[in-house]
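Participant: Before I ask anything, let me first share the structure, which is written out below as structure tokens.
Since every read-out is calculated from the coordinates, none of them should be taken as a lab result. As the structure is a computational prediction, the values presented were derived from the model and not from experiment. Positions of Cβ are backbone-derived with ideal geometry, glycine not excepted, and every protein chain shown enters the neighbour counts.
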Amino acid sequence: MGSIVVWAIGITVSIVLLVLSAGAYAPYVHMSVAAVMAVLFSTAAISDTRRMRAEGMPDAAIASANARFMGLVWTWGALGLFVTYNFVLEWKEWLHFFLAFFVVAGLCLFFSATLRKDADAGRYDPAMRKIGRILTMVQVGGMVITVLGLLIDGKMTRFLTPRYTDWAANNLFFFGALALIVIGVHALLTSREPSQGSAT
């Protein structure tokens, strides 16, 4: 419970800072806040799952933690888009991305809760393990494409042209994607391959 409260406060503070910097047209401050949050998400996920593995916690619990952190990143991005483009900037495409982020966040958190129940019950279905790995690989692949696309299309410097109001969203996309890549790659490298003979 304490961890949830800390993340709720951290995400809220970061959203406030993101909105204030967007409203003040301070793109470098906005970018810095997004970068700091990406580092916090990534380091917390790695630290937490390494501690859990060192303590001998079941794979289902560790996979649940990874899915929860990914869900937090998507939630942060969705909230950032919602508040920024409802109250500060205008960008007609924001709602599509917000809805997509909201749905993916919900799926990650639901999957995390399901895995947590499996861990509490002392089981970890190989099918669920395989699904988790596939979903993680899909997210990592999609985020790599997102990062490359933003860089190649020059979207990370759109703030230099004031008429482009998607610069704040691009910061959320870019640094959120980096956090998801780090969390996902670490999860894939440290998790065991699914085996039909193991349920834990």
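Participant: Taking the Cα of VAL138, stepping 7 Å toward and past its beta carbon, and measuring to each backbone N in the range 70-113: which are under 13 Å?
Facilitator: Taking a point 7 Å out along Cα→Cβ of VAL138, the residues of the range 70-113 whose backbone N falls under 13 Å are 104-105, 107-108, 111.
Participant: Here's another thing I want to ask about it. Given 0.36 nm per residue, what is the gain on full extension from ILE152 to ALA54 after removing their alpha carbon distance, in nm?
Facilitator: Result: 31.3 nm gained on full extension.
Participant: Something else now. Can you work out ³J(HN,Hα) from phi for every residue in the range 166-183, in order, using Karplus 6.51 cos²θ - 1.76 cosθ + 1.60 and θ = phi - 60°, giving whole Hz and x for Gly and Pro?
Facilitator: Values per residue, Gly and Pro as x: 8, 4, 5, 5, 4, 5, 5, 4, 5, 6, x, 5, 4, 4, 5, 5, 4, 4 Hz.
Participant: Next question. With the chain treated as a Gaussian network of Cα nodes joined by springs under 10 Å, which of ALA22, ALA44, ALA179 yields the largest mean-square fluctuation?
Facilitator: ALA44
Participant: Oh, and also: Hey, what do the phi angles of the range 111-119 turn into as Karplus ³J(HN,Hα) couplings, whole Hz, using 6.51/-1.76/1.60 and θ = phi - 60°, x for Gly and Pro?
Facilitator: Going residue by residue, I get 4, 4, 5, 5, 5, 5, 5, 4, 5 Hz, with x marking Gly and Pro.
Participant: Suppose the chain between ILE145 and VAL185 were pulled fully straight at 0.36 nm per residue; how much longer would it get relative to their current alpha carbon spacing?
Facilitator: Using 0.36 nm per residue and subtracting the Cα-Cα distance, I get 13.0 nm.
Participant: Could you size up the charge dipole of the chain around its Cα centre, putting +1 on the beta carbon of Lys and Arg and -1 on that of Asp and Glu, and report it in debye to the nearest 20?
Facilitator: The calculation lands at about 200 debye.
Participant: So what's the back-of-envelope 222 nm ellipticity for the chain, counting only DSSP H runs of four-plus at -39500 (n - 2.57) apiece and dividing by all residues, rounded to 500?
Facilitator: Helices in the chain give a 222 nm mean residue ellipticity of -28000 deg cm²/dmol.
Participant: While we're here: Longest exposed-loop-site-free stretch of the chain, with trypsin sites (Lys or Arg not before Pro), DSSP loop and at most 13 other Cβ within 10 Å?
Facilitator: For trypsin sites (Lys or Arg not before Pro) (loop position, at most 13 other Cβ atoms within 10 Å), the longest site-free span of the chain is 1-91.
Participant: Another one. Provide, in order from the shortest bin, the percent of all Cα-Cα pairs of the chain in each 10 Å bin, continuing until the bin that contains the maximum pair distance.
Facilitator: 9, 36, 32, 16, 6, 1
Participant: Sticking with this one: Using only Cα atoms, find the angle between the long axis of helix 2-23 and the longest principal axis of the chain, and express it within 0 to 90 degrees, rounded to the nearest 10.
Facilitator: Its long axis makes an angle of about 20 degrees.
Participant: Next up: Take peptides 145-153, 106-114 and line them up by average Cβ neighbours within 10 Å, highest first, as a rough protection proxy.
Facilitator: Per-residue mean Cβ counts within 10 Å order the peptides as 106-114, 145-153.
Participant: GNM on the chain, C-alpha springs below 10 Å: top fluctuator among ASN86, ASN170, ASN66?
Facilitator: Of the options given, ASN86 has the highest mean-square fluctuation.
Participant: Which residue fluctuates most in the GNM of the chain (Cα springs below 10 Å): TRP167, TRP74, TRP94?
Facilitator: TRP94
Participant: I've got another one for you. Report the label-to-label distance for LEU40 and ILE131 in nanometres (one decimal), using points 7 Å from each Cα along the Cα→Cβ vector.
Facilitator: According to this spin-label approximation, the distance is 3.2 nm.
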